[in-house]
Structures are given as C-alpha cells and as structure tokens.
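K.L.:
Encoded as structure tokens, here's the structure I'll be asking about.
The values are calculated or read from the model by the stated rules, or taken from the named source; none is laboratory data. Computed from a prediction, not measured in an experiment: that's the story for all the values here. We place every Cβ from the backbone using ideal geometry, glycine too, and count neighbours over all the protein chains shown. We work out accessible area using only protein heavy atoms, side chains counted, and drop any ligands, DNA or RNA first. Shrake-Rupley method; radii C 1.70, N 1.55, O 1.52, S 1.80 Å.
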Amino acid sequence: GGGGAAPRYGRILNELPHVHFDVEATVIVFDPQIGTALRGRVVESFPSHVGLLVYHFVNASISADGLRAGGYEYDAPSQKWGRERNART
C-alpha cells in the first residue's frame, strides 16, 4: 500500500529514549455529515447506551437520552432497547 521512500531505520533524537520513524501512509477518513443515516450492528446493549459497529469498521454509541428521544425504551429483563409500546412507527 502507499509506501514511499521513508528511511528503513529509526533515529534517536536529542538523546531521548524514543526511536523516531518517518512514516508515509494512505488513509481513509470517516467523516459522515450530521443527519446521515448509518448502518450498524449492535454489539452491546446497556441501560446507559447501545454500542454499534458501523460498516464493520467504526465503533459508535447512542446514549440512553438519544435512544429515548427516538422513541425507544430499555427493557431490563431482556437487557435490550426496543420501541416504546405507544410510540408511532
């Protein structure tokens, strides 16, 4: 992938206990716009939040406040979030 003419070995600078390497990389930036619908898989469900894996790559979470605002409620016995019984779909 995107390797260039970076030096093969690291350097110790100013007698510091760190080895410095010049690195070149090609990256992908995840930058969804506000309001963009994202698909994810729920990986954990707690009373405080739901954890998701978005596009098999990015960890995300939705707070309990955000879930409640979206018409969801937490069911303690099943440990899952679901639509409120009286919420419109």
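K.L.:
Contact list please: Cβ distance under 8 Å, first residue in region 29-40 and basic (Lys, Arg), second residue surrounded by 10 or more Cβ atoms within 10 Å (Cβ to Cβ) and in a loop (DSSP other than H, G, I, E, B), pairs at least six apart or on different chains.
P.N.:
Note: pairs meeting the criteria are Arg39/Tyr55.
K.L.:
Could you grab me the full set of residues in region 76-85 that are open to solvent by less than 70 Å² (accessible area, probe 1.4 Å) and in a strand (DSSP E or B)?
P.N.:
Trp81, Gly82
K.L.:
Can you tell me which residues in region 22-55 are over 17 Å from Gly70 (Cα atoms), of a type in the set (D, E, K, R) and either part of a loop (DSSP other than H, G, I, E, B) or open to solvent by 90 Å² or more (accessible area, probe 1.4 Å) (or both)?
P.N.:
Selection gives Asp22, Glu24, Asp31, Arg41.
K.L.:
If you take the residues in region 7-20 that are out of contact with any strand residue (DSSP E or B) (no Cβ under 8 Å at 6 or more places or on another chain) and open to solvent by 70 Å² or more (accessible area, probe 1.4 Å), which one is nearest to Ser78 (Cα to Cα)?
P.N.:
In the first step, residues of region 7-20 are kept if they are out of contact with any strand residue (DSSP E or B) (no Cβ under 8 Å at 6 or more places or on another chain); the result is 7-9, 14-18.
Retained after the next criterion (residues that are open to solvent by 70 Å² or more (accessible area, probe 1.4 Å)): 8-9, 14-18.
Numbers: Arg8: 54, Tyr9: 54, Asn14: 58, Glu15: 57, Leu16: 54, Pro17: 51, His18: 50 Å.
Filtering region 7-20 for residues that are out of contact with any strand residue (DSSP E or B) (no Cβ under 8 Å at 6 or more places or on another chain) and open to solvent by 70 Å² or more (accessible area, probe 1.4 Å), the one nearest to Ser78 (Cα to Cα) comes out as His18.
K.L.:
Just to be sure, is Glu73 over 21 Å from the mean Cα position of the chain (by Cα), acidic (Asp, Glu) and surrounded by fewer than 12 Cβ atoms within 10 Å (Cβ to Cβ)?
P.N.:
Taking the combined requirement at face value, the residue does not satisfy it.
K.L.:
Collect the residues in region 59-86 that are among the hydrophobic types (A, V, I, L, M, F, W, C) and touching a strand residue (DSSP E or B) at 6+ places or on another chain (Cβ under 8 Å), keeping them in residue-number order.
P.N.:
Answer for region 59-86, where residues must be among the hydrophobic types (A, V, I, L, M, F, W, C) and touching a strand residue (DSSP E or B) at 6+ places or on another chain (Cβ under 8 Å): Ala60, Ile62, Ala64, Leu67, Trp81.
K.L.:
Considering only region 56-70, how many residues are under 22 Å from Arg85 (Cβ atoms), β-branched (Val, Ile, Thr) and open to solvent by less than 50 Å² (accessible area, probe 1.4 Å)?
P.N.:
Total satisfying the criteria: 0.
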